[in-house]
Amino acid sequence: MRNNQPNHLSRIRRIDPRNLVDGGDLGLRRESGDGVDLHSLLTENSVHVRLVRVMTNAMRPSGLHHGGIAVVDRGKPTRAGQIVHVRFNGDEIIRRLTKRDGQWFLVADDPRISEILITEEDIVEKLGIVTAGIILIDSFVFR
């Protein structure tokens, strides 16, 4: 039987929340009694993944809200168009990596924030690729 789903859909790992039960102090559990590990649901390779607090709304349209958490994978290769977590001249920032006319830029989703041209004089350290954003309801406010 041939799978007619586009490739990008076949890579999505799904869990049906109707199959989860409240385990009290143990958190959400599967009916089999196994715990639900949010880390394993959000990441493919837990060795290279860390959680980073989002301190700005610069990438809000992409789901990274001030006060939320970015899931950052340090092991994935970097490509143009990805949202990256970098140390840029000593400051940690999260921006979309863009290439135009042979030059690299760090671009915020918010058009009011100037894009950053990466020059040879800049010191840029890749800290990882952002693979997911988590909104913490208690800290979520409209800005």
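The values are calculated or read from the model by the stated rules, or taken from the named source; none is laboratory data. All values derive from a computational prediction rather than experimental measurement. Virtual Cβ from ideal backbone geometry, glycine too; neighbours counted across all protein chains shown. Heavy atoms of the whole protein, side chains included, go into the accessibility calculation; ligands, DNA and RNA do not. Shrake-Rupley method; radii C 1.70, N 1.55, O 1.52, S 1.80 Å.
Being surrounded by 14 or more Cβ atoms within 10 Å (Cβ to Cβ) and either among the hydroxyl-bearing types (Ser, Thr, Tyr) or in a strand (DSSP E or B) (or both) is the filter here; which residues of the range 81-100 pass it? Listed by number, the residues that qualify are 83, 84, 85, 86, 88, 93, 94, 95, 96, 97, 98.
Figure legend. Inter-residue proximity from the range 111-132: first residues over 21 Å from residue 77 (Cα atoms) and in contact (Cβ under 8 Å) with a residue 24 or more places away in the chain, second residues in a loop (DSSP other than H, G, I, E, B) and open to solvent by less than 90 Å² (accessible area, probe 1.4 Å), beta-carbon distance below 8 Å, spacing 6+ or different chains. Indicated pairs: 113/58. Just one of (1) open to solvent by less than 50 Å² (accessible area, probe 1.4 Å); (2) within 14 Å of residue 130 (Cα to Cα) fails for residue 78. It is (1). Considering only residues of the range 83-110 that are without any contact (Cβ under 8 Å) to a residue 12 or more places away in the chain and among the acidic types (Asp, Glu), which is nearest to residue 72 (Cα to Cα)? For the range 83-110, the residue satisfying everything is 91. Going by what's in this entry, would residue 67 be described as in contact with a helix residue (DSSP H, G or I) (Cβ under 9 Å, 6 or more places away or on another chain) and surrounded by fewer than 14 Cβ atoms within 10 Å (Cβ to Cβ)? No, not satisfied. The set of residues from the range 101-113 being surrounded by 11 or more Cβ atoms within 10 Å (Cβ to Cβ) and out of contact with any strand residue (DSSP E or B) (no Cβ under 6 Å at 6 or more places or on another chain) comprises 104, 109, 110, 113.
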